[in-house]
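**Student:** Dumping the structure here so I can ask a few things about it.
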Amino acid sequence: MSSILVYIDHFGGATKPVSWEILGKARELAGKLGTPVTAFVAGQNLADLASEAIACGADKMLVADGPAFAQFNVQALVAAFKAAIEVAQPRIILVPATAGARDVAALVACSLNIGMAADCQGLDLDDAGNLLAERPVFSGNIITTVVFNGPIQMATVRARSFPLPAADSSRAGVIVPLVVSVPGDTEEVLSFEVTETGELAVENAGIIVSGGRGVKGPEGFAPIRDLAKVLGGAVGASRAAVDAGWIPYPHQVGQTGKSVRPDLYIACGISGAIQHLAGMSGAKVIVSINKDKDAPIFTVARYGIVGDLFDVVPALTTAFKAKLGR
Amino acid sequence: MKFIVCVKLTPDTEQLVDVQPKDIGAADLGVTMVLNPWDEFAVEEALQLVERFDGEAVVVTLGSTDATEALKRAVAMGVEEAVLLSDPAFEGSDAWGTAHILAQAIRKIGDYGLVLTGKQSVDGNSGMVGPGVAAKLGVPFVAGVAKVVDVTDDSATLLRALDEGMQTVKVKLPAVISVSKEINEPRYPNFMGIRKASRMQYPATGAGELPGLEKSQIGESAALLKWTNLRKPPARTGKCEIIAGASVAEQAANLADKLIAEKVI
């Protein structure tokens, strides 16, 4: 029986939210198609995660659990994902467009000759039940709806394209161990150095406070961080700030950084080069704080304050603290 | 050992915004075309690998004869050998078709240790051709390489950037890698390089010259997906409201009120 298969991406058992977002969307599409939703995960000690996947919409959870999957290892994950496809016999496959999972998806799709659309931000079905995948191309300057020409259709999906489904712990589903023979030894993980700081990643954030050239130095990000903290948001940056070495690359928003779709994007000391706009113009509300009233960022912003970010940003932090009681 | 770089000719990033939906698929997009900026990192890395470990850098592209411009840039940077893959039979290939053509060209070039690509193209944006080439060649693939730690006759030790940290991974060669922008600072071509590139010949290699090429896997008829309904993203409407106030504190408070009313906080 055909199904929709969803790849659950996680780090050390902590699920990346986009996994649940696409599981929720899969549930909706499966309702229209009258097919079950099968989820797949590979890792170690994943019992809690598997139960959570059932609560978030999976009918069946295929779990490849074992030391072979303790580290991110492409060879092992490709073997496991292929085994999951063999079991699930899916007509639609959804994968988070995260670093890692997106490449496992592409390797599997190419070797099984499955059509794949990358970095999608919208999904629908045509009258025949085939997937329609909306994705940005030309670095966000053009949108296309991808149609498929093949019986199995795969999409990788960006974070925050769909709402998080409400977990329902009373949902029924089965957890099935997936037996995988990991072939050969072409890839060996020697070490892993965690750089993750516990900060919210920009691609998962509902609110982003971002700093650019106007921040002037690494210490200039302090007021940006303070505002982000009060708002429960993430800290972003323009390429200029990252290239200057003021903040690490994972914070970079724009064409050569991350594409983000927050509810609120507060650009501080960012002029708004085309390459930056390509990464953040999908935000619902954009605010610009800039000394230069003619900066291009004001052409995409809904609200602006013309002034020095070192005066305005701390004042905003104070205002939100008072109004939100934080 | 050869270090083979797969590159693409793409619009100048400053002009991506000028690309019109109706022109996509046409021979001329009406914008300046350059070597895909992500690919410059791959070209630079191949040159550095040659300096560090000996060997030869080769650049390959697939496209019309216009794509020669991408090869020229790589040659001007210092690459010794350039291969243009061009044939009407290639046109309309999707990522997997493109990967098959590139894989067969790489097999023909032979003696390859590492195949390098950029993270993605600034036009197609899929990042799928690199892993596709690895799948077609049946060799390991490592994405987001931030550093090539070591290369031996049969292995490469690489630093792989993941969202949560840096992984050191050793793969058997040959292998395909995509490089991240942290890996290096691409050099600017010097005058000698530019002159060499402009004098070099770039004969096209067609489908008939690629042994093992499966016609059933390439071209529009084999494509598993199609871009439809090409459109500009919805324009951001409305003018920017500049928040006034007697003091910065008042401006900030007024803005905070607006944002809370927008229900985005």
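Residue-by-condition table, conditions (1) of a type outside the set (S, T, N, Q); (2) assigned to a strand (DSSP E or B); (3) away from chain A (no Cβ under 11 Å):
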site: B:Ser198; (1), (2), (3): no, no, yes
site: B:Tyr202; (1), (2), (3): yes, no, yes
site: B:Gly212; (1), (2), (3): yes, no, yes
site: B:Gln251; (1), (2), (3): no, no, no
site: B:Leu255; (1), (2), (3): yes, no, no
site: B:Val264; (1), (2), (3): yes, no, no
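**Student:** A follow-up question, please. Inspect all residues belonging to segment A:72-90 and state whether any of them is part of a strand (DSSP E or B) and either small (Gly, Ala, Ser) or touching a residue at least 12 places away in the same chain (Cβ under 8 Å) (or both). Talk me through it step by step, then tell me what you get.
**Tutor:** From segment A:72-90, those part of a strand (DSSP E or B) are A:90; that's our starting set.
Okay, now just the ones that are also either small (Gly, Ala, Ser) or touching a residue at least 12 places away in the same chain (Cβ under 8 Å) (or both), so A:90.
The answer is yes, given that some residue of segment A:72-90 is part of a strand (DSSP E or B) and either small (Gly, Ala, Ser) or touching a residue at least 12 places away in the same chain (Cβ under 8 Å) (or both).
**Student:** Still on this structure, please answer the following. May I ask you to say which residue of A:Phe148, A:Phe138 is at positive phi and of a type in the set (A, V, I, L, M, F, W, C)? I'd like the intermediate steps shown before the answer.
**Tutor:** Numbers: A:Phe148 fails: at positive phi.
When all the criteria are applied, what remains is A:Phe138.
**Student:** Still on this structure, I have one more. Considering segment A:204-231 alone, what residues qualify as being free of Cβ contacts under 8 Å to residues at least 60 places away in the same chain and farther than 17 Å from A:Cys268 by Cβ?
**Tutor:** Correct list: A:Gly206 only.
**Student:** Kindly establish whether A:Gly282 is modelled with pLDDT under 95, in contact with a Phe, Trp or Tyr (Cβ under 8 Å, 6 or more places away or on another chain) and over 18 Å from A:Gly232 (Cβ atoms). Give the derivation first.
**Tutor:** Values: modelled with pLDDT under 95: yes; in contact with a Phe, Trp or Tyr (Cβ under 8 Å, 6 or more places away or on another chain): no; over 18 Å from A:Gly232 (Cβ atoms): yes.
The answer is no for A:Gly282.
**Student:** Any idea which residue in segment B:129-158 is surrounded by the most Cβ atoms within 10 Å (Cβ to Cβ), counting only those that are more than 7 Å from every other protein chain (Cβ to nearest Cβ), in contact with a Gly (Cβ under 9 Å, 6 or more places away or on another chain) and part of a strand (DSSP E or B)?
**Tutor:** B:Ala156
**Student:** Consider only pairs whose beta carbons are under 9 Å apart and that are at least six residues apart or on different chains; among these, list those whose first residue lies in segment B:218-237 and is more than 7 Å from chain A (Cβ to nearest Cβ) and whose second residue is modelled with pLDDT of 95 or more and surrounded by fewer than 11 Cβ atoms within 10 Å (Cβ to Cβ).
**Tutor:** That search, which allows pairs on different chains as well, returns B:Gly219/B:Pro88; B:Ala222/B:Lys215; B:Ala222/B:Ser216.
**Student:** Which of the residues belonging to segment A:121-160 are among the small types (Gly, Ala, Ser), buried (at least 21 other Cβ atoms within 10 Å of the Cβ) and at pLDDT 95 or above?
**Tutor:** Of everything in segment A:121-160, those that are among the small types (Gly, Ala, Ser), buried (at least 21 other Cβ atoms within 10 Å of the Cβ) and at pLDDT 95 or above turn out to be A:Ala133, A:Ala155, A:Ala159.
**Student:** Oh, and also: Restricting to segment A:77-113, give me the number of residues that are closer than 25 Å to A:Glu203 by Cβ and either within 14 Å of chain B (Cβ to nearest Cβ) or of a type in the set (Ser, Thr, Tyr) (or both).
**Tutor:** Selection size over segment A:77-113: 21.
**Student:** Look through segment A:1-53, keep the residues that are within 14 Å of chain B (Cβ to nearest Cβ), in contact with a helix residue (DSSP H, G or I) (Cβ under 9 Å, 6 or more places away or on another chain) and surrounded by fewer than 17 Cβ atoms within 10 Å (Cβ to Cβ), and return whichever of them is modelled with the highest pLDDT. I'd like the intermediate steps shown before the answer.
**Tutor:** Initially, segment A:1-53 is screened for residues within 14 Å of chain B (Cβ to nearest Cβ), giving A:9-19, A:43.
This time we only want the ones that are in contact with a helix residue (DSSP H, G or I) (Cβ under 9 Å, 6 or more places away or on another chain), so: A:9-10, A:13-19, A:43.
Filter once more, keeping what is surrounded by fewer than 17 Cβ atoms within 10 Å (Cβ to Cβ): A:13-14, A:17.
Values: A:Gly13: 92, A:Ala14: 92, A:Pro17: 95.
Ranking the qualifying residues of segment A:1-53, first place goes to A:Pro17.
**Student:** Being closer than 24 Å to B:Ala95 by Cα, within 11 Å of chain A (Cβ to nearest Cβ) and either crowded, with 23+ Cβ neighbours inside 10 Å or touching a helix residue (DSSP H, G or I) at 6+ places or on another chain (Cβ under 7 Å) (or both) narrows it down to one residue among B:Thr32, B:Thr61, B:Thr10; which is it?
**Tutor:** Values: B:Thr32 fails: within 11 Å of chain A (Cβ to nearest Cβ); B:Thr61 fails: within 11 Å of chain A (Cβ to nearest Cβ).
Going through B:Thr32, B:Thr61, B:Thr10 in turn, just one is closer than 24 Å to B:Ala95 by Cα, within 11 Å of chain A (Cβ to nearest Cβ) and either crowded, with 23+ Cβ neighbours inside 10 Å or touching a helix residue (DSSP H, G or I) at 6+ places or on another chain (Cβ under 7 Å) (or both): B:Thr10.
**Student:** Within segment A:15-29, is there a residue that is part of a loop (DSSP other than H, G, I, E, B) and assigned by TED's automatic domain parsing to the domain that holds A:Met154? Outline the logic, then answer.
**Tutor:** First pass over segment A:15-29, keeping only residues part of a loop (DSSP other than H, G, I, E, B): A:16.
Then keep just the ones that are assigned by TED's automatic domain parsing to the domain that holds A:Met154; that gives A:16.
Checking segment A:15-29: at least one residue is part of a loop (DSSP other than H, G, I, E, B) and assigned by TED's automatic domain parsing to the domain that holds A:Met154.
**Student:** Just to check your reading of the model, which residue among B:Val115, B:Val79 is assigned to a strand (DSSP E or B) and surrounded by 22 or more Cβ atoms within 10 Å (Cβ to Cβ)? Steps first, please.
**Tutor:** Values: B:Val79 fails: assigned to a strand (DSSP E or B).
The unique qualifying residue is B:Val115.
**Student:** Now, a different point. Looking only at segment B:180-190, decide whether some residue is crowded, with 19+ Cβ neighbours inside 10 Å, part of a strand (DSSP E or B), facing chain A (nearest Cβ under 7 Å) and not aliphatic (A, V, I, L, M).
**Tutor:** No, there is no match, as no residue in segment B:180-190 is crowded, with 19+ Cβ neighbours inside 10 Å, part of a strand (DSSP E or B), facing chain A (nearest Cβ under 7 Å) and not aliphatic (A, V, I, L, M).
**Student:** If you don't mind, there's one more thing I want to ask. What pairs come up if the first residue lies in segment A:116-134 and is outside any strand (DSSP E or B), the second is aliphatic (A, V, I, L, M), and their beta carbons are under 7 Å apart, counting only those six or more places apart or on different chains?
**Tutor:** A:Asp126/A:Leu132; A:Gly129/A:Leu33
**Student:** From the list A:Gly236, A:Gly220, pick out the single residue that is buried (at least 18 other Cβ atoms within 10 Å of the Cβ) and in a helix (DSSP H, G or I). Before you say what the answer is, go through the steps one by one.
**Tutor:** Values: A:Gly236 fails: in a helix (DSSP H, G or I).
Answer to the selection: A:Gly220.
**Student:** Further, regarding this structure: Have a look at A:Val95, A:Val78 and point out the one that is β-branched (Val, Ile, Thr) and touching a Phe, Trp or Tyr at 6+ places or on another chain (Cβ under 7 Å). Reasoning before the result, please.
**Tutor:** Values: A:Val78 fails: touching a Phe, Trp or Tyr at 6+ places or on another chain (Cβ under 7 Å).
Of the residues listed, the single one that is β-branched (Val, Ile, Thr) and touching a Phe, Trp or Tyr at 6+ places or on another chain (Cβ under 7 Å) is A:Val95.
**Student:** Separate question: Looking at segment A:302-311 only, could you name the residues that are touching a Cys at 6+ places or on another chain (Cβ under 8 Å) and within 7 Å of chain B (Cβ to nearest Cβ)? Working first, answer last.
**Tutor:** Filtering segment A:302-311 for residues touching a Cys at 6+ places or on another chain (Cβ under 8 Å) gives A:302-304, A:309.
Across segment A:302-311, the qualifying residues are A:Arg302, A:Tyr303, A:Gly304.
**Student:** Say whether the condition of being farther than 25 Å from B:Gly206 by Cβ and either in contact with a strand residue (DSSP E or B) (Cβ under 9 Å, 6 or more places away or on another chain) or assigned to a loop (DSSP other than H, G, I, E, B) (or both) is met by at least one residue in segment B:86-108. Reasoning before the result, please.
**Tutor:** At the first step, the residues of segment B:86-108 found to be farther than 25 Å from B:Gly206 by Cβ are none.
No, because not a single residue in segment B:86-108 is farther than 25 Å from B:Gly206 by Cβ and either in contact with a strand residue (DSSP E or B) (Cβ under 9 Å, 6 or more places away or on another chain) or assigned to a loop (DSSP other than H, G, I, E, B) (or both).
**Student:** Same structure again: Which one of these is surrounded by fewer than 23 Cβ atoms within 10 Å (Cβ to Cβ), touching an Asp or Glu at 6+ places or on another chain (Cβ under 9 Å) and under 24 Å from B:Asn125 (Cβ atoms): B:Glu56, B:Glu91?
**Tutor:** Numbers: B:Glu56 fails: under 24 Å from B:Asn125 (Cβ atoms).
Step by step, each of B:Glu56, B:Glu91 is checked, and only B:Glu91 is surrounded by fewer than 23 Cβ atoms within 10 Å (Cβ to Cβ), touching an Asp or Glu at 6+ places or on another chain (Cβ under 9 Å) and under 24 Å from B:Asn125 (Cβ atoms).
The values are calculated or read from the model by the stated rules, or taken from the named source; none is laboratory data. Model, not experiment: these values are computed from the prediction. Ideal geometry is used to build each Cβ from the backbone, glycine not excepted, and the neighbour counts take in all protein chains shown.
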